[in-house]
Amino acid sequence: MSYNLDYSINIDKIGNKPKYIYIEASKTDACDLANLFGVIELGDIKANVDIKRNKNTLTVKGSISCYVIQECVISLEPVKNNIEENFEVHFDLNEKIYTDDNILSPNIIEQLKGDKLNIGKIITEQISLAIPDFPKKENAKFTSYIEAPEAVEKIESKTHKPFAKLLGEFSSDDKFKPDK
């Protein structure tokens, strides 16, 4: 399933003056994004976005806020995190072709395809980057562990010499003398 918030605007309608957009996602959109990201709940998704157009570039700058409820990686209980992130994305309006030589340049900007800019997609990407990878409930501690049986031999107690046999075969040969 591929889903993004759909708030597309026509690039031609973005003039020389910065354009301000406020977006508040519906509960249905938030539920769809929660399913996409594999979290229990995502809500109160709000974004403030400024779009500025220069000669050959578009700059999308803004902030997102929402909350996410996920399973704690230790206790598996629900844990709520608030997300508040700022972002800035630059788009190239030219038809540049990126090569191996310039693709890793620190000045690289995203290439915009078509005549529409989907602000919702940018917001979706920014939320996905802000969701904690390993959410942990406050004071959650990992207490279960399994000890190895005493019959299992420790690896460090035995020295492993994979070339010992070869050393024995060649040590009698005058052509090979290992360094000591």
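The values are calculated or read from the model by the stated rules, or taken from the named source; none is laboratory data. The structure displayed is predicted, hence computed values, not measured ones. Here the Cβ positions follow ideal geometry from the backbone for every residue, glycine too, while neighbour counts run over all protein chains shown.
Filter region 76-92 down to the residues that are surrounded by 15 or more Cβ atoms within 10 Å (Cβ to Cβ) and either not in a strand (DSSP E or B) or not hydrophobic (A, V, I, L, M, F, W, C) (or both) and list them by number.
81, 90, 92
Kindly indicate the residue of region 50-65 that is closer than 10 Å to residue 14 by Cα and at pLDDT 90 or above and also surrounded by the most Cβ atoms within 10 Å (Cβ to Cβ) among those meeting that condition.
The extreme case among them is 51.
Checking the structure you have, find out if any residue of region 93-115 is under 25 Å from residue 38 (Cβ atoms) and either modelled with pLDDT of 75 or more or part of a loop (DSSP other than H, G, I, E, B) (or both).
no
Which one of the conditions (1) at pLDDT 95 or above; (2) crowded, with 17+ Cβ neighbours inside 10 Å does residue 46 fail to meet, given that it meets all the rest?
The number of the failed condition is (2).
Go through region 119-148 and report how many residues are surrounded by 11 or more Cβ atoms within 10 Å (Cβ to Cβ) and in a loop (DSSP other than H, G, I, E, B).
Final tally of qualifying residues: 6.
Residue 140: of a type outside the set (Ser, Thr, Tyr), modelled with pLDDT of 65 or more, out of contact with any helix residue (DSSP H, G or I) (no Cβ under 7 Å at 6 or more places or on another chain) and more than 30 Å from residue 14 (Cα to Cα), yes or no?
yes
Would you check which residues across region 4-31 are in a helix (DSSP H, G or I), among the hydrophobic types (A, V, I, L, M, F, W, C) and more than 26 Å from the chain's Cα centre (by Cα) and list them?
Residue satisfying the conditions is 11 alone.
Have a look at 32, 44, 50, 6 and point out the one that is touching a residue at least 60 places away in the same chain (Cβ under 8 Å) and more than 30 Å from residue 143 (Cβ to Cβ). Talk me through it step by step, then tell me what you get.
Values: 32 fails: touching a residue at least 60 places away in the same chain (Cβ under 8 Å); 44 fails: touching a residue at least 60 places away in the same chain (Cβ under 8 Å); 50 fails: touching a residue at least 60 places away in the same chain (Cβ under 8 Å).
Going through 32, 44, 50, 6 in turn, just one is touching a residue at least 60 places away in the same chain (Cβ under 8 Å) and more than 30 Å from residue 143 (Cβ to Cβ): 6.
Of the residues that sit in region 19-43 and are exposed (fewer than 15 other Cβ atoms within 10 Å of the Cβ), β-branched (Val, Ile, Thr) and within 28 Å of residue 135 (Cβ to Cβ), which one is modelled with the lowest pLDDT?
Going through the qualifying residues, I end up with 28.
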